[in-house]
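Here is the structure we will look at, set down as structure tokens.
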Amino acid sequence: MKDRQKVLDALAEAPTITAAARAAGVTRQTVYNLMADDVFRDALKRQREAQSLERAERLSAAREAAIKAVTDVMNSSDVPAAARVMAAKEVLRQATEADAAVDSIFISHDFESKWF
């Protein structure tokens, strides 16, 4: 069903059910009906997990650049450090949160494979 994939894609991008329904060209009720389906919910879960992993990978790559920026600032007495250090700390914080999110995904999968 085309609507299923459209709604799945829209839910991955849209901030609300209403926005997802609008983007997919369906009613909100259609979105709710699809979300009541176990197969659809599982597909949505897998898609969101894949997106989380992708974001985590991008943040991990950015973390390396942040470490380099902090190191450059620490090693240079004539570089304005405040803005770069604040940005680098934020990237490090977010990368750490992303790592934790990825860990929880793997823990969840491991738990499900052992118990269900």
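Quick notes
- On the stretch given as segment 67-101, residues that are charged (D, E, K, R), modelled with pLDDT under 80 and within 28 Å of the chain's Cα centre (by Cα) total 1.
- Segments classed as helices (runs of 4 or more DSSP H), wholly inside segment 1-61, with at least 2 members that are closer than 30 Å to ALA95 by Cβ, out of contact with any Lys or Arg (no Cβ under 7 Å at 6 or more places or on another chain) and of a type outside the set (Lys, Arg): 2-13, 17-24
- Screening the candidates ARG55, ARG28 for the property of being of a type in the set (Lys, Arg), closer than 26 Å to ALA101 by Cβ and either modelled with pLDDT under 95 or surrounded by fewer than 17 Cβ atoms within 10 Å (Cβ to Cβ) (or both) yields one hit, ARG55.
- Close contacts from segment 83-104, counting a first residue that is farther than 15 Å from ARG55 by Cα and a second that is surrounded by 13 or more Cβ atoms within 10 Å (Cβ to Cβ), with Cβ to Cβ under 6 Å and a gap of 6+ residues or different chains, come to ARG84/ALA69; ARG84/VAL73; VAL85/VAL73; ALA88/ALA66; ALA88/ALA69; ALA88/VAL70.
The values are calculated or read from the model by the stated rules, or taken from the named source; none is laboratory data. Everything numeric in this text was worked out from a predicted model, so none of it was measured. Glycine gets a Cβ as well: all are built from the backbone with ideal geometry, and neighbour counts include every protein chain shown.
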